[in-house]
Every structure is written in C-alpha cells, then in structure tokens.
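Okay, structure first, notes after.
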Amino acid sequence: MEQEKTALEQNRLEKLNRLLAAGIQPYPTRAEVTHRSVDAIADFENREKQTPPGTEPEKVAVTLAGRLRSMRPMGKISFAHIEDGYGRIQIFFRINDLGQEQMDLFANEFDLGDYIQVTGYLFRTKTGEITLYVQSFIMLAKSILPLPAAKDEVVDGEVIRHATLNDPEVRYRQRYADLAVNPAVRHIFKIRAETIKALRQFLDERDFIEVETPILQPLYGGAAARPFTTHHNQLKQDLYLRISFELYLKRLLVGGFERVYEIGRDFRNEGVSYKHNPEFTQLEYYQAYADYLKIMDQTEQMVAYTAMQVLGKTKITYDGHEIELAPPWKRVEMREGIIEATGVDIALHTNAESLKAAMQAHGLKFNPNATRGKLIDGMLNEFLEPNFIQPTFVYNYPRDISPLAKSIPGDPQTVERFEGYIGGMELCNAFTELNDPLDQEARFLEMGRAYAADDEENNPLDEDYLRAMSYGMPPNGGFGMGVDRLVMLLTGNHSIREVILFPHLRSRGEE
RNA sequence: GGGCGAGUAGCUCAAUGGCAGAGCAGUGGCCUUUUAAGCCAUUUGUUGAGAGUUCGAUCCUCUCCUCGCUCACCA
C-alpha cells in the first residue's frame, strides 16, 4: 500500500529531519492566532484612514497562521503569501530583523503548503500591498506531499491559478487537495452550506420542526428505487438503507406533529449519472391540512427565498440560460402538456393497451411491458422534461405510479401530485398525501400485482405504516426535493459530483 | 450494462513506429520591496496495467483498470 516516495517527498522529509535535528518541532501542539488575514488587513486600513497623510499608522502586533501559497526568497529579504480560511496576505522577511539563521531557516526548510505562524506588524510595500512584516515565525505543520497546484498570481485581487489541478479523478478522490488549491471549489461548498441553512430558516419560520428518522430500516419504502442492504450481526437482522423519509415522517403526523421536516441522506442502489449519486441529500416535509396546490405555492417561495438568501438574487444562469426562480412558476397540467407535445390524450386511454395503441398511432416509441403510468411517465421524461428550462410545475399524475398520493375527486385514475423542473432537471416531487388506510392498503396490493415478485422496486408492504394511518392521519401535503440538484442550480454546476464533497467513485483496483 | 473519448514528470500539456520534451514545481548559486519575481546551472519518467505485431511500440492490435461524455436505468 505504501507507494514509493517521489523525489519531491524525499526532499521534504529531509527538511523535516533537519528541523528535528535542530530541535524545531515540525508539528507543534499549539498555535496562536490573533487575527484572520482579512480582519488584520481591514484593521490596518482603518488605522490608515485615521492617520495623517504621509505618516505610517502605529505598529500593532499581529499573529497570523496559514498555509504557504507562494514564496519569493531573495537573499537578504523574502516575500511569501499565506492563505487562511478567509483569504490571503503577503508576509515579508528581512535579515535586519530576523538574522541570517532565521532567513536560512525560512528559505531552506519551508515549502509551499507548509502551515506557518507569523508574528509582526502590517505595512504597505512599495507597490502598495498590505503586508505583514515578520518579526518571528514558527512552523505549524510541515507538508510532506506537494500540493498539486504549481503557482498562482494575484491580479487586481483575483487569484489566477496557473496549471491548476483539473483532473476530475484526482479532484474527487483527493477532494482535500482539490479544496486546498481551488478556492472556487471551496466556494461551492460554502454555497451548499448556506443553501441548507436557508431551507431550514424557511421551514423553521413556518413552525416546522426538524426531526430525524431511521436510516437503517427493516423495510424500505416511499420511493421506487432499489435499496442497499446491510446486516446487523448481533440481532441477525437484514436492514435496508432508506430510500426516502416519507413513511416515517408521515407516522409523525399520526403522532400529532402537524409540520415536520428532515434534511438528510437517502441511498439508492441505482446507476450513477451527472444528476444521480448513490447517496444524496434530500429535504422532505409534511404539512397537515395542506394540499398539493398549497405546497406548490410554497415551493416557489422556498426556492426563491433560498436563492435570495444565498445569492442575493433570484435570477441564475444555468447551462447558458437565464433562469428566473421567483414566483410564479409555469404550471403545466400533465394531460394538456402531453397532448401538446405528442398529440396523445391520456384521458382517452384508461389502460396500458389502449394507450400503447395511441402512442403507436402517433409514431412514439415505448416499452411494451410498461404500465399505463410508466408509459405516461416515459412521455413526460422524453418530451416534456428537457424543455422545462424555466421553473415549471407539472401536475396531476397517473395513479399507478403514485401509490402514496391521493386521487383527484371524481378522477380516480389521476392523483394530486406535482413535480418541479428547472434547467431540464427534476428538482422536487410533492403530493396531497393519501391518508385513507383502506385505499392505501388497496394501492399497496395493486403495486404487488403490477410488478414482478422479484422486482426490488416493488416496495414491501409496510403493515406498520398502515396501522399508523389507521389511527387517523390528518390530511396533509408532502414535499421532497433533491438538495444536491438545487445546489447545482445555484452554483451553475452540471454535475452532481461537483456539489458533493466526496462523490461516489469506483474503487481503485489497488493492493 | 451499451456506445464514444481520454490516461505521457508532482501539476498543466507537447511529441514521434527509431535516445520522450516544455512551462511551472524541485535542487545548487546570485539577488534588501518582490508578487507567475528575475538571472545562471541542474534533477525528475514502469508514457495506466498486461499481452501481441515489429529489428524496434508511448504511437499499431487485443484484453483489463480508471476517469469523462452519452444512452439505458432511475414513480
């Protein structure tokens, strides 16, 4: 497993050993920091403003820590830049103050990537850059492995990276290195954190309570997906990693909570793609006495609120398109949308055979084994979804692909369900939840007939869920959204891997 | 799972059926306000792995691995 050390690594190990030999700790236990880089600079600028022109501001002791990002040793002086979690700042070494030994120590034993602690005071260089005049410094952590970015340059405050790390494989497998050298990547994950914070704020302000439900479940359900399975050794029990939170969250409505939400990880044992990762972050909420139209309104507000909180605007650019996230979003009734796109009126075809004949007559391809609902869903995915660049709700779904949604009064084949699309991508899914235990049981049994017995997507019948519903579940609206996809939209990324810190990759065949 | 493309130095990339290169990084030296610092000198390779064709393969062929794109799958 241990790989041969490169010359660069050998070199740094030798430096480390020389430090040890000189009695210098390469990894001291404690650090002292008085300022963040950006705060030190801001303080200095403030003091400059209060100082008469032509005179230097008073020297104030500052201790900073950070990672060495550039070094320009020039004999009797040296310049370098360090980067902390908030920005970067130039530091300046001069033999007059530090002595030959310290100058050599810095020039000979410090490398790019080392963590350093520097104490001194701020001044402006000839070129006007606010810089720390170093009076003392210590190693905080020696870097043995060189970071994979060669060099960078600061032009007008913008860091321009030359020959930056961009091999996606290395970037995802060694995300720490990616983050360390690519500030834009760090920015994505700050946006991600702010997105989740904004979603919480939105729901908290509306009296939702955040809950946590089991990830390890004896039965899986709430979505059509194949699960991951695992096993509890001592209990000798097979368990599934959840594919959704739905059935547990609705049990909580039975328990008397009127508004609950959960933000967490779902696991689906399916193919990976630019918009699918085996584990992904989902937001689900359930709201008593709401229906899907109420949820639809709330969805527009929530997404617009989040964009406003995170980006300060509701207009985003995605895939070259200007997208306006502010309400109202376009709303397309599914039947009408399909008629417009394909000429087929699904209302006229109440079974799969009839619908297939109609699709054939219109020259559409279809899976001959599909149910009516699957056929309709197929038309939606193929003919409608890619065109939903601007935020669009598609509503009123076929019942047989929506076993947990309530039918539209007077139209038993259609349920009160919608999905939200942005940028040609499904973002969320919601419905008026089915709360009739007798109907729910019938739906579960229907599913059992519709799918082959060995089809893992056919969720096992959850009798405990039916029992919960039998105690009485308030009518409610439920909502689920892929948080990763929202972050993709807000950060302009077209790959879900760019917005997941450690995306799933195939294991390397090493060892 | 199918199709297409890619894999060369630590990083970014060249190149050719005939000794594998550049910039940056590294190393040694000079340099007291630089900032992709500069100047001089210099090191670095299982060309993803394996096999085949060939006098000779990084290049052509095959298998495998990994990544990317795409299709399928994904209520």
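The values are calculated or read from the model by the stated rules, or taken from the named source; none is laboratory data. These figures come from a predicted structure and were not determined experimentally. Every residue, glycine among them, receives a Cβ derived from its backbone with ideal geometry; neighbour counts consider all protein chains shown. What goes into the accessible areas is simple: the full protein's heavy atoms, side chains included, and nothing from ligands, DNA or RNA. Shrake-Rupley method; radii C 1.70, N 1.55, O 1.52, S 1.80 Å.
The set of residues from region A:104-123 being open to solvent by less than 40 Å² (accessible area, probe 1.4 Å) and in a loop (DSSP other than H, G, I, E, B) comprises A:PHE110, A:ASP111, A:GLY113, A:ASP114. Any residue at all in region A:30-45 that is within 11 Å of RNA strand B (Cβ to nearest atom), hydrophobic (A, V, I, L, M, F, W, C), within 25 Å of A:GLU9 (Cβ to Cβ) and in a loop (DSSP other than H, G, I, E, B)? No, every residue in region A:30-45 fails to be within 11 Å of RNA strand B (Cβ to nearest atom), hydrophobic (A, V, I, L, M, F, W, C), within 25 Å of A:GLU9 (Cβ to Cβ) and in a loop (DSSP other than H, G, I, E, B).
Among the residues of region A:400-419, the ones that are part of a strand (DSSP E or B) and within 13 Å of RNA strand B (Cβ to nearest atom) come to 5 in all. When you scan region A:55-74, do you find a residue that is open to solvent by 50 Å² or more (accessible area, probe 1.4 Å), within 10 Å of RNA strand B (Cβ to nearest atom) and of a type outside the set (D, E, K, R), even just one? Yes; the residues of region A:55-74 include at least one that is open to solvent by 50 Å² or more (accessible area, probe 1.4 Å), within 10 Å of RNA strand B (Cβ to nearest atom) and of a type outside the set (D, E, K, R). Contact map, region A:97-112: residues that are more than 21 Å from A:GLU9 (Cβ to Cβ) paired with residues that are in a helix (DSSP H, G or I) and within 9 Å of RNA strand B (Cβ to nearest atom), Cβ distance under 6 Å, separation 6+ or inter-chain. Pairs shown: A:MET103/A:ILE95. Within region A:43-59, which residues are out of contact with any strand residue (DSSP E or B) (no Cβ under 6 Å at 6 or more places or on another chain) and under 20 Å from A:GLN117 (Cβ atoms)? Result: A:ASP43, single match. Pairs are defined by a Cβ separation below 6 Å, a sequence spacing of at least 6 or placement on different chains, a first member in region A:273-297 that is farther than 19 Å from A:SER495 by Cβ and open to solvent by 30 Å² or more (accessible area, probe 1.4 Å), and a second member that is of a type outside the set (D, E, K, R) and not in a helix (DSSP H, G or I); the pairs so defined are A:ASP291/A:THR432; A:ASP291/A:GLY477; A:LYS294/A:GLY477.
Taken as a whole, the structure leaves A:THR350 outside the set of residues that are in contact (Cβ under 8 Å) with a residue 40 or more places away in the chain and under 30 Å from A:LEU505 (Cα atoms). Pairing each residue of region A:3-30 that is on the phi < 0 side of the Ramachandran plot and of a type outside the set (D, E, K, R) with any residue that is open to solvent by less than 90 Å² (accessible area, probe 1.4 Å) and in a loop (DSSP other than H, G, I, E, B), provided the two are 6+ apart or on different chains, yields C-beta distances under 6 Å for A:LEU8/A:PRO146; A:LEU16/A:PRO26; A:LEU16/A:LYS142; A:LEU19/A:PRO26; A:PRO26/A:LYS142.
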